[in-house]
Ligand code: C2E
Ligand code: MG
Ligand code: MG
Ligand code: MG
């Protein structure tokens, strides 16, 4: 590119390409909504003291007809920008409740699994959120206390009274709320006072270093103790090895999630994990 005043002519070929890709992706995403190209994976959330599965997190995937499986971080931002997260998120919620209710029907009644669903800020802005959640529960038969809605701290930054009221209405249904990626946002502690949170999910970046960086260990244990003091459940995200697990177990972290236990699984693989097929 030339220097001088030309530096303001910023629409370069590479940008045209990326703009073009963006438009294609947007068109693809619209089609994906109409053609139901989304799938769910489920990752177990494990009670560390007993090693039993206490819940599952539902994680969306996009099965693109040409590009293959697209992970959420590659399309959720665009879906949020274009508002398409609304129909996608609605499908995720209904499907996650339906699957969880189906698994619970195969378990002892006294020991149901809970299912966690990630919610975007865009979804929280919608007035119909409460009706959506209550209809997903009613339709599936999943008890409200078995549903956890995960919110990120960035979502809570813009905490207008309306947002708070809507969260309170969802919580009044009996649903639990979790703060996802806890510790990565700005002013995490302030949110704990303002929002009716039940669960803290300790971000993977703390868990990564818990076995070998003293500061990370101190922060992680501090978050666990904070959770206990506030009577909140704590979930450690992204546990990948036995060393991390033993630090967290020693620190009395209640729950954990990560590749050490299982990756996000297809519904079929989750079915086999929960109800191992017996050899005939
Ligand atoms: P998240 O909610 O924090 O989900 C945890 C992410 O960490 C998942 O990535 C999971 O596969 C990954 N993970 C779990 N254990 C490990 C581990 O031991 N090691 C490593 N390296 N990674 C681990 P995934 O499925 O790619 O999702 C990424 C993010 O996309 C999620 O982060 C969430 O913020 C967003 N997301 C996923 N599904 C949905 C959805 O249905 N709606 C919305 N709004 N966001 C979603
Ligand atoms: Mg999450
Ligand atoms: Mg997270
Ligand atoms: Mg890391």
| task | Output the Kirkwood hydrodynamic radius of the chain, Cα pairs only, in Å rounded to one decimal. | result | 20.4 Å
| task | Looking at the chain, send over the antiparallel percent of its DSSP beta bridges, to the nearest 5. | result | 40 percent
| request: Find the eigenvalues of the gyration tensor of the Cα atoms of segment 48-103, then list the square roots of 5 times those eigenvalues as equivalent ellipsoid semi-axes, largest first, in whole angstrom. | output: 26, 14, 12
| remark: Across 206, 260, 182, the residue with the highest GNM fluctuation in the chain (Cα network, 10 Å cutoff) is 260
| request: May I ask you to derive the FRET efficiency for residue 157 and residue 279 from their Cβ-Cβ distance with R0 = 41 Å, giving the value to the nearest 0.05? | output: 0.20
| remark: DSSP beta bridges in segment 32-181: the antiparallel percent, rounded to 5, is 50 percent
| note | Extension length gain for residue 108 and residue 14 (0.36 nm per residue less Cα distance), in nm, is 28.1 nm
| field | Highest-first arrangement of 209-218, 122-131, where packing means the average Cβ count within 10 Å | value | 122-131, 209-218
| query | How big, in percent, is the set of alpha carbon pairs in segment 151-239 lying more than 14 Å apart? | reply | 64 percent
| So for the pair residue 27, residue 128, with labels modelled 7 Å out along Cα→Cβ, what separation do we get in nm? | 2.8 nm
| query | What is the distance, in nm, between label points placed 7 Å from the Cα along the Cα-to-Cβ direction at residue 69 and at residue 225? | reply | 4.1 nm
| message | Suppose a student asked you for the relative contact order of segment 139-280, using Cα pairs under 8 Å spaced at least 6 residues apart; what percent would you report? | response | 17 percent
| remark: Subtracting the Cα-Cα distance of residue 194 and residue 52 from 0.36 nm times their residue separation yields 47.9 nm
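Read-outs throughout are calculated quantities, based only on the coordinates presented, and are distinct from any laboratory measurement. Keep in mind it's a predicted model, so treat the numbers as computed, not measured. Here the Cβ is made from the backbone with ideal geometry for all residues, glycine too, and neighbour counts use every protein chain on show.
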